[in-house]
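What follows is one structure encoded as structure tokens, with my remarks underneath.
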Amino acid sequence: MRQRTTASEAVCLRGELDEARRSVSACRTVGHSICYLLVDISNSFTKVALASRKRIAQRKRVATADFTANFLKNLIKRGGIDLVVVSSVVPKKNREIRKAAGKIKILWLSWHSRLGVGVDYPRPSSIGADRLANAAAVAALYGSPAIVVDFGTAVTFDIVSGQNNYVGGVIAPGLEAMTNFLYQRTALLPQLSLREPRRAIGRSTIEAMRAGAVLGYRGLVREIIKRIKMERFRSGKVHVIATGGYAELIAARLPEIDKVHRDLTLEGLRIVANLNSLVL
């Protein structure tokens, strides 16, 4: 189902990004501090944030279908941006970044970038930029070895080894994609809002679907984490960090997940920007 940004969300977005611009403008008063514009373009939503070297300011998301150059131009024109840092898995939207940035340098995150982690993978060019951003962030903020579980359009599991290398991962259908598929492909099943089910045994169609979606998805996540640990980390501590849209819901009752970090991908962009800004 194609996600769109409502009129009220667009107004809220403009207001919050103006506030973000004001809060980050302080970086201009401290020596030669750099201001970044961080852009994470995923299949369903695009997240945008302003940041200094040390912190991310207020951030907001917009439906990727509605993400345009004009939106970014307004922010760049007012914000005094030094570097645009991009993680994109939607190539057709990359031209919007180029149009908006003008003469401002763009850092397209890829395996060629300085990540703070190595890449031990047969075809590194095939790794999604968001997955590399997550690997960079988890290694810098939590240490290695680590597993990142990112609840997006797909749910991805990305592994950083004890040697601080990105070594691969797992990709499964996203929770919303699975529930939308049921709604679109069946005659009688309704569209579902996702939240914690009251019980395992549903007393209505909606309750049954919600229990199947949330409890079943927790089972999927638990089993994949278990298999990753058995295959790669049989002993010792492994940091398991969740991020993405449904991380709070699914991780709430999963002791296998140590922490939810909602801005992990954006933090990865900030960290990679710091590692690369001096060589651009």
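Since every read-out is calculated from the coordinates, none of them should be taken as a lab result. These numbers were taken from a predicted model, which means no experiment stands behind them. Every residue, glycine as well, gets a Cβ built from its backbone with ideal geometry; the counts of neighbours run over all protein chains shown.
Can you tell me what share of the DSSP beta bridges in segment 118-266 is antiparallel? A percent to the nearest 5 is fine. Mind showing how you got there, number by number?
Working: 13 of 23 bridges.
In segment 118-266, approximately 55 percent of DSSP beta bridges are antiparallel ones.
If we count other beta carbons within 10 Å of each Cβ, what is the order of L132, L215, fewest first?
Values: L132 25, L215 15.
Fewest-to-most Cβ neighbours within 10 Å comes out as L215, L132.
For K77, go through the aspartates and glutamates and keep the ones whose alpha-carbon is under 18 Å away, minus same-chain ones fewer than eight residues off.
Hits, sequence-local ones excluded: E16, D18, E19, E96.
For A63, put the label point 7 Å out on the Cα→Cβ axis and report which residues of segment 145-182 keep their amide N under 17 Å from it.
Correct set: 153, 176-177, 180-181.
Could you check the spin-label model distance between R195 and N70? Points 7 Å from the Cα along Cα→Cβ, value in nm.
3.6 nm
Trypsin sites (Lys or Arg not before Pro), restricted to segment 196-267: which are DSSP loop and have at most 16 other Cβ atoms within 10 Å?
On the way: sites: R198, R199, R203, R210, R218, R222, K226, R227, K229, R232, R234, K237, R253, K259, R262; in loops: R198, R199, R203, R234, K237, R253, R262.
Loop-located and lightly packed - R198, R199, R203, R234, K237, R253, R262.
List the aspartates and glutamates whose Cα lies under 17 Å from the Cα of K54, skipping any in the same chain that are fewer than 8 positions away.
The reachable aspartates and glutamates, counting only those whose Cα sits under 17 Å from K54, are D82, D263, E267.
Between the DSSP loop rule and a limit of at most 15 other Cβ atoms within 10 Å, which GluC sites (Glu not before Pro) in segment 176-280 are left? The partial results should precede the final answer.
Numbers: sites: E176, E207, E223, E231, E248, E256, E267; in loops: E256.
In loop regions of segment 176-280 (DSSP not H, G, I, E or B), there are no sparsely surrounded GluC sites (Glu not before Pro).
Extending each Cα 7 Å along its Cβ direction at I104 and E248, get the distance between those two points in nm, one decimal.
Distance between the two pseudo-spin positions: 2.9 nm.
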